[in-house]
Amino acid sequence: MSHQARPPHEAAEPETPHLDFAGTTPYEDYVKADVLTHLQHTLSDDPGEMVFLVTTQVMELWFTVIVHEWETAAKALRSDDVPTAVAALKRSVRELEALNASWKPLGQLTPAQFNSYRSALGEGSGFQSAMYRRMEFLLGEKSASMLVPHRGAPRVHAELEKALHEPSLYDEVVRLLARRGHAIPESVLHRDVAQRHETSDAVEAAWAAVYSGDQNSELVRLGEALSDVAELVWRWRNDHLVATRRAMGAKPGTGGSAGVAWLEKRAGKNVFPELWTARSHV
């Protein structure tokens with residue numbers, strides 16, 4: 001029996017994808033996979049070091065995209081474009097979830113397993129991550145002293161210094177609240193943005209008013225997106241604390257910090273604090 005003729009408008013599907021390219025593949029040209037997969041240079045003979053190194057590099061990539069999202073949100077807020085800001089924040093929530101999942105390969109290291117390659121880190125420590133520092137700056141956790149470790153890397157230092165002196169994401173949120181009619185003092189609106197955000201009763205009152213009003217308003221949606229971000233940052237800090245406590249107990253950190261004690265202090269801080277305290281007044 002003869003096969004039914006193929007309709008003239010229906011092209012035959014190729015049996016194999018296009019395999020022959022003049023240079024590298026278009027995928028490689030775009031993703032730079034060959035570069036990414038040859039950045040791993042372990043310094044010990046322990047097979048577990050590769051997982052530690054790759055996981056840390058993956059975290060750096062997530063830091064980079066999250067910074068991009070929060071900078072996009074901050075720029076949108078400056079233009080009173082709340083929907084674009086909320087969309088960027090919601091994307092960052094999914095990215096934070098993926099970032100936090102990065103602790104899974106490291107979260108059950110025993111002290112002996114971590115010690116087998118800990119010496120390869122030398123004085124290296126996660127708090128020296130410039131991209132993570134930019135994340136913290138965008139959250140309002142500013143500190144000029146955190147630029148010091150990067151003096152030997154001019155481009156990185158310049159990027160961090162720029163971020164230090166720019167309004168944080170939360171600064172832009174507070175300014176938006178003022179433009180929407182909430183009574184934010186000039187001392188808050190025109191504060192030195194290179195300093196750490198300090199809690200404000202007026203900002204707390206503004207959020208309480210927002211949450212007492214129309215639950216479908218733009219500002220409530222913005223507040224909830226920010227709350228999702230804050231919760232996941234808090235979870236990141238706590239997962240870091242637990243993983244460190246499990247791997248090295250109360251020993252000093254590799255970068256000279258107090259280790260677990262330093263992480264405990266960080267984990268106890270609220271991100272966007274007035275968003276949380278305002279809920280007691282609604």
Check: the chain dipole with +1 on Lys, Arg Cβ and -1 on Asp, Glu Cβ, in debye: 900 debye
Net charge near residue 140, counting Lys/Arg +1 and Asp/Glu -1 over other residues with Cβ under 15 Å of its Cβ? -1
Once you put a point 7 Å from the Cα of residue 68 and another 7 Å from the Cα of residue 264, both along the Cβ direction, what distance in nm separates them? 3.9 nm
Relative contact order for the chain: what is it in percent, counting Cα pairs under 8 Å that are at least 6 residues apart? 21 percent
GluC sites (Glu not before Pro) within region 193-227, DSSP loop, no more than 15 other Cβ atoms inside 10 Å: 198
Over the chain, what portion of Cα pair distances is larger than 30 Å, expressed as a whole percent? 43 percent
What is the distance in Å between the Cα centres of region 86-162 and region 167-209? 26 Å
Applied in sequence order to region 205-220, the curve 6.51 cos²θ - 1.76 cosθ + 1.60 (Karplus, θ = phi - 60°) yields integer Hz couplings, x standing for Gly and Pro, of 5, 5, 5, 4, 5, 4, 6, 8, x, 4, 6, 9, 6, 4, 6, 5
Among 160, 244, 193, flag the residue with its Cα farthest along the positive direction of the charge dipole of region 156-257, charges on Cβ as +1 for Lys/Arg and -1 for Asp/Glu. 244
Fully extended contour minus Cα-Cα distance, from residue 183 to residue 37, at 0.36 nm per residue: 47.3 nm
Pairs over 28 Å Cα to Cα, from 90/162; 162/251; 90/142; 75/265, come to 162/251; 75/265
To the nearest 500 deg cm²/dmol, what mean residue ellipticity at 222 nm is calculated for the chain from DSSP H runs of n ≥ 4 alone, each contributing -39,500 (n - 2.57), summed and divided by the residues? -18000 deg cm²/dmol
Summarise the long-distance tail of P(r) for region 71-230 by giving the % of C-alpha pairs beyond 20 Å. 60 percent
Return the carbon/sulfur percentage of the accessible area of the chain, one whole number, probe 1.4 Å, all protein chains in place. 56 percent
What number comes out for accessible area per residue over region 135-234 if the probe is 1.4 Å? Units Å², please. 47 Å²
If the reach is capped at under 12 angstrom between alpha carbons, list the aspartates and glutamates near residue 104, excluding any in the same chain fewer than eight residues apart. 239
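The values are calculated or read from the model by the stated rules, or taken from the named source; none is laboratory data. For clarity, every value in this text was computed on a predicted model and none was experimentally measured. Counting neighbours? That spans all protein chains shown, and the Cβs are built from the backbone with ideal geometry, glycine included. Just so you know, the surface numbers come from the protein's heavy atoms only, side chains and all, with ligands and any DNA or RNA stripped out. Shrake-Rupley method; radii C 1.70, N 1.55, O 1.52, S 1.80 Å.
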